[in-house]
1. B:S81 is checked against (1) modelled with pLDDT of 95 or more; (2) more than 9 Å from chain A (Cβ to nearest Cβ) and fails just one. What number does that condition carry?
2. State all residues of the stretch A:273-321 that are open to solvent by 20 Å² or more (accessible area, probe 1.4 Å) and among the basic types (K, R); if no residue qualifies, say none.
3. For the stretch A:349-402, what are the residues that are surrounded by fewer than 24 Cβ atoms within 10 Å (Cβ to Cβ) and of a type in the set (D, E)?
4. Output the strands (runs of 3 or more DSSP E) that fall wholly within the stretch B:236-344 and possess 1 or more residues being closer than 30 Å to B:F556 by Cβ, modelled with pLDDT of 95 or more and within 13 Å of another protein chain (Cβ to nearest Cβ), or say none.
5. How do the pairs read when you match residues in the stretch A:311-337 that are aromatic (F, W, Y) with residues anywhere that are open to solvent by 60 Å² or more (accessible area, probe 1.4 Å), using Cβ under 6 Å and keeping only pairs 6 or more apart or on different chains?
6. Can A:T220 be described as open to solvent by less than 10 Å² (accessible area, probe 1.4 Å), within 7 Å of chain B (Cβ to nearest Cβ) and modelled with pLDDT of 95 or more?
7. Identify the residue in the stretch A:573-585 that is in contact (Cβ under 8 Å) with a residue 60 or more places away in the chain and in a helix (DSSP H, G or I) and, among all such residues, is nearest to the chain's Cα centre (by Cα).
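The values are calculated or read from the model by the stated rules, or taken from the named source; none is laboratory data. Since this is a predicted model, take the numbers as computed values, not measurements. In this analysis, Cβ positions are derived from the backbone assuming ideal geometry, glycine residues included, and neighbour counts consider all displayed protein chains. Accessible surface is based on the protein model in full, side chains and every heavy atom, while ligands, DNA and RNA are left aside. Shrake-Rupley method; radii C 1.70, N 1.55, O 1.52, S 1.80 Å.
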Number of protein chains: 2
Amino acid sequence: MASPGSGFWSFGSEDGSGDPENPGTARAWCQVAQKFTGGIGNKLCALLYGDAEKPAESGGSEPPRATSRKAACACNQKPCSCPKADINYAFLHATDLLPACEGERPTLAFLQDVMDILLQYVVKSFDRSTKVIDFHYPNELLQEYNWELTDQPQNLEEILMHCQTTLKYAIKTGHPRYFNQLSTGLDMVGLAADWLTSTANTNMFTYEIAPVFVLLEYVTLKKMREIIGWPGGAGDGIFSPGGAISNMYAMLIARFKMFPEVKEKGMAAVPRLIAFTSEHSHFSLKKGAAALGIGTDSVILIKCDERGKMIPSDLERRIIEAKQKGFVPFLVSATAGTTVYGAFDPLLAVADICKKYKIWMHVDAAWGGGLLMSRKHKWKLSGVERANSVTWNPHKMMGVPLQCSALLVREEGLMQSCNQMHASYLFQQDKHYDLSYDTGDKALQCGRHVDVFKLWLMWRAKGATGFEAHIDKCLELAEYLYNIIKNREGYEMVFDGKPQHTNVCFWYVPPSLRVLEDNEERMSRLSKVAPVIKARMMEYGTTMVSYQPLGDKVNFFRMVISNPAATHQDIDFLIEEIERLGQDL
Amino acid sequence: MASPGSGFWSFGSEDGSGDPENPGTARAWCQVAQKFTGGIGNKLCALLYGDAEKPAESGGSEPPRATSRKAACACNQKPCSCPKADINYAFLHATDLLPACEGERPTLAFLQDVMDILLQYVVKSFDRSTKVIDFHYPNELLQEYNWELTDQPQNLEEILMHCQTTLKYAIKTGHPRYFNQLSTGLDMVGLAADWLTSTANTNMFTYEIAPVFVLLEYVTLKKMREIIGWPGGAGDGIFSPGGAISNMYAMLIARFKMFPEVKEKGMAAVPRLIAFTSEHSHFSLKKGAAALGIGTDSVILIKCDERGKMIPSDLERRIIEAKQKGFVPFLVSATAGTTVYGAFDPLLAVADICKKYKIWMHVDAAWGGGLLMSRKHKWKLSGVERANSVTWNPHKMMGVPLQCSALLVREEGLMQSCNQMHASYLFQQDKHYDLSYDTGDKALQCGRHVDVFKLWLMWRAKGATGFEAHIDKCLELAEYLYNIIKNREGYEMVFDGKPQHTNVCFWYVPPSLRVLEDNEERMSRLSKVAPVIKARMMEYGTTMVSYQPLGDKVNFFRMVISNPAATHQDIDFLIEEIERLGQDL
């Protein structure tokens, strides 16, 4: 199964990387290098290709094939006559890499070539002349390439090709015109930190095997609690695999706080519990209630005003109603930054109600939490400091690579009591260090991915002020978009007024619909506009933005801006593109 | 806040990287390069340092400081007189990197320097002369370095230093003598795939934003189901954030299958449900029961034989008992590869009982699932094909980087019915592609990390036969260890007989204890031996192996082997090291 132990370093060959039919990584690099100013691009290409001519510009759609990598000659003579060291990956397999004997050299070359592929992708991601996505339908993509898993190993040339192919069909989530999700952008320091995390390849359950990461989690969560406004940053928390799980934690802990016996006895031992959240809140609240044995019927959806904010009087009315039925209200989840409208529930009013009725107040600030970093915008979360728990996803508005979601809890020790099972094979009580750093037993997970390092390193690199600048800029861009379209022909706003977050919700009304009366037929036709424009965007690959219906409102675009690469010109482009793709509808 | 827009490329300086007081990345590379055969190391060093002398060998404990990176000169004259382009990271900030204007050049240099740091770490990880861990107590580590988060940004020189410092104190989980957890080793193809995953930075919820990864998840889960033995690989599944969550999914789905009304009505609407698992099973079953509102009291622990295998007659007895009390048995979780003993429950007998009483059969093969890849060892999981669901963590025995855990379900569609909430902002029903590939609504999570690519790429690179070879080798090494110590003076086996998995459980009995009678005092003293030896291992940094008590058995070592780098010599070393560190106790 292993490739021959010798022979993978072939000497004397000059061909390969310069051949236009067989472009190597060098060619990919050369294309990148051409973008450098000051003529260094040509020099680098010359170094890579020797005296061979610079390769023709690639068409851009075919990924270059990885073939062989030419090790730099280190002699002092030019032109030198040394034999060139080539690595022919067609003769190398995974078994030739470390920890194989003599595996260092091919390992370093292989990883460096992977890195070249990644760096090329990174550079392309920010290039507006490249597609956001090279879209293929699922059946096409399944047929276009052989993705099947087999018994026999493939050589490293094939592995490098798979990397290139995978990236060829990937969404460029860092592209300046990718607006499709709440998480967009590709931060370079965050990316570096995530590579390091992969390389460290460890688990968060004990200090023993993740000393630095455990400390960084401690430091970072404390800082986040300080920003929330809990005195001295006291409290508890965890990085969890996404906002839905963070919200589920909040529900779990709130229930335990009120009825600790639920841990042993289950829901049979407690009265019927009721959770309250707005009709615009994230679906994870219901998902969590279903999982935790509370049931979705016990999640009461509170009415929102026209801007998508929870109406406090309706909350109080429903709490009283539930109590009159003999049920026990145990949790109110207010939302700071709803998914579609970007609305902020009135946290102070909610806090007053929670205090009055002694109910756990959770704030789902998965999307809006980032605004706490901005002196200009943090007032929108006034009252968050009165919450018992907060979900805050730095992987959304703060641009940290996926995933990075924190659940912060005001009362220390509750998470541990709620979730601990004292597994003696992990949390030995006779270890030689301070066991308070073995934080794994507060989690629902056993093994837990290291999600903190990318946030910590980005924070070091940007400072809180850097996050602030990013957030202020995104909100300014959203306002720019709003100002352009609010009075522009062919656009209708889903709700009035300046956006509170970066969500801008609107219909594009094609010319043929503008003359119609506001009746059911028009609604029916309007509902088909956004899906068609979106499909065309993806087929052209020019930009991506989300759409959805909500309540009685038919499909509308939800523009969100969290991408640090986006500029005013990209917003202009989006508008032009929507009109270009939708005017015939 | 941003560094000056110009001036980060300084020309004309020759100093820096060759200065022994101020070693740059070049030096680190040079040390690596020296290990190459054929004299290329010296040539590479010469290239890096020009005519400066090769730097003295590093002491190995201090990480090199990153200072400036010398861009390769691309002229044809040697010795050339071109000004050398240096990047002075002290004048560069994150804001100078992409998507900044003119950000390509510093970005590529920065990411390449990060990569150099990582590659150096990778090479060191496999070097037996380096420490597994440079251990510091939490308070020491907190004081030794400033980890705090501030308002102001740091420059990229500092960021590179943080990367080096973080790795300096990290556990080398790929080190040939790291045996501490079920997940050990550092696979080069898996690492490359994880870097790519970070770079693609997307989410698994829809085909729209993760087309390739969604297809690869489909292909890979199908293959895993085929290997389990479900006809045609039919069924369902998901990659989840760890085995504990996978087990929780199984419990959730089993409950829903029996009482679908639980989703809306909660546990109040269903009778008391009982789950059964062995006393040696993983604590996540109880953790899951607590979270799901079932309660830990409703998890009945079934007795095990002396090898840690569930006793089927006790299972049947407890099921009958529960039914007599009017409770409803809804799940049996058998374990294939227990955490401490590595025991395989008798799956065929368990399957018969589950069939007889119509109970969902789950197999927690988080640790043992890898043995399905081995023709020699897969008989240990006979009966797994009769399970309704299986947890299988490729990040354990198959060496995939953390995290990679799969939950496989025999009945298709059940996960979707159980968990879906139809969020219209994600799962629009009028998209232009086949919506069956939007698999996100079957998950508990909303955003979900891409965990499949590293497994898929490793499978391509190793083939099923490569995984088989790895697993057979690890089991052979475990048997080698067992054969050495079973009759060796000073060792006592925790259970008799050849290990079934790679778990080898034993006491080391220091000379002073060997003469004592088998009484309470001896037990008490013996219980303190493993913790002391372990603490010394960590302080010396020579190796790491786990210990724990279990039931009435005092602290014993649990050796496990999943590390592809481990050899017979490393096993010999472990024994010598235990004796060296423990003989005076």
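1. B:S81 satisfies all of (1) modelled with pLDDT of 95 or more; (2) more than 9 Å from chain A (Cβ to nearest Cβ) except (1).
2. Answer for the stretch A:273-321, where residues must be open to solvent by 20 Å² or more (accessible area, probe 1.4 Å) and among the basic types (K, R): A:K286, A:K303, A:R307, A:K309, A:R317, A:R318.
3. Across the stretch A:349-402, the qualifying residues are A:D352, A:E385.
4. Output list reads B:273-278, B:299-302.
5. Once the first residue is aromatic (F, W, Y) and sits in the stretch A:311-337, its partners that are open to solvent by 60 Å² or more (accessible area, probe 1.4 Å) give A:F327/A:R272; A:F330/A:M258.
6. Numbers: open to solvent by less than 10 Å² (accessible area, probe 1.4 Å): yes; within 7 Å of chain B (Cβ to nearest Cβ): yes; modelled with pLDDT of 95 or more: yes.
Considered against the rule, which asks whether it is open to solvent by less than 10 Å² (accessible area, probe 1.4 Å), within 7 Å of chain B (Cβ to nearest Cβ) and modelled with pLDDT of 95 or more, A:T220 comes out as yes.
7. In this case the residue turns out to be A:L574.
Conditions tested, residue by residue: (1) open to solvent by less than 20 Å² (accessible area, probe 1.4 Å); (2) among the β-branched types (V, I, T); (3) touching a helix residue (DSSP H, G or I) at 6+ places or on another chain (Cβ under 8 Å).
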position: A:R448; (1), (2), (3): yes, no, yes
position: A:A461; (1), (2), (3): yes, no, yes
position: A:F467; (1), (2), (3): yes, no, yes
position: A:K473; (1), (2), (3): no, no, no
position: A:E479; (1), (2), (3): no, no, no
position: A:N487; (1), (2), (3): no, no, no
position: A:M493; (1), (2), (3): no, no, yes
position: A:D496; (1), (2), (3): no, no, no
position: A:W507; (1), (2), (3): no, no, yes
